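What follows is one structure encoded as structure tokens, with my remarks underneath.
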Amino acid sequence: IPIHETDNSYLSGLRSWCIEMNYDVQLADFIAEKVLGLHVTNCIGEQTEIKLQPDDVVDLIADIFLRRVFQDTFVLMALDDVQWMDSLSWNIVQRIVESATNCMVMCLSRPITQNSLCNDEGFLTFLRNETEVGAKE
């Protein structure tokens, strides 16, 4: 299977961000292959198997997003059908909501009480309360 040049471009960018933000480069390879579906080749240097924790993936993806939008005046991140999101995706959204000062996250779903995979009841309560406040105003 020929590797598309954009795969190499995306992988190179992910690797650069990992280096810049002091993450293991193998984390970029893992995300590129397993999350983004890119073809990963030409690994950098000799690599040993690292044990990745789900929080490593959450931290890197959230940090990349936060770094990319840091200097923007306002960012609206709209997510549709969030009732299908897995718990790691919810953790990323939660990290962004808690860390970004210039970002509004809009989540669209069927009623949030159905099919919720949000594994942090406090964050789910926060979302419910924000929804109720927004509906009253």
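In table form, for the structure just shown:
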| read-out | value |
| --- | --- |
| Gain in span if fully extended, Arg68 to Tyr10, counting 0.36 nm per residue against the direct Cα distance | 19.4 nm |
| Radius 14 Å from Cβ of Trp17, net charge of other residues (Lys, Arg +1; Asp, Glu -1) | -3 |
| In nm, spacing of pseudo-spin labels at Ser99 and Leu76 (7 Å Cα→C-beta vector) | 2.4 nm |
| Most to least accessible of Lys34, Lys51 (protein chains only, probe 1.4 Å) | Lys51, Lys34 |
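The values are calculated or read from the model by the stated rules, or taken from the named source; none is laboratory data. Treat the numbers as computed from the prediction; the structure is a model and nothing was measured. Every residue, glycine among them, receives a Cβ derived from its backbone with ideal geometry; neighbour counts consider all protein chains shown. Each accessible area value is taken on the protein alone, full model and side chains, heavy atoms only, with ligands, DNA and RNA left out. Shrake-Rupley method; radii C 1.70, N 1.55, O 1.52, S 1.80 Å.
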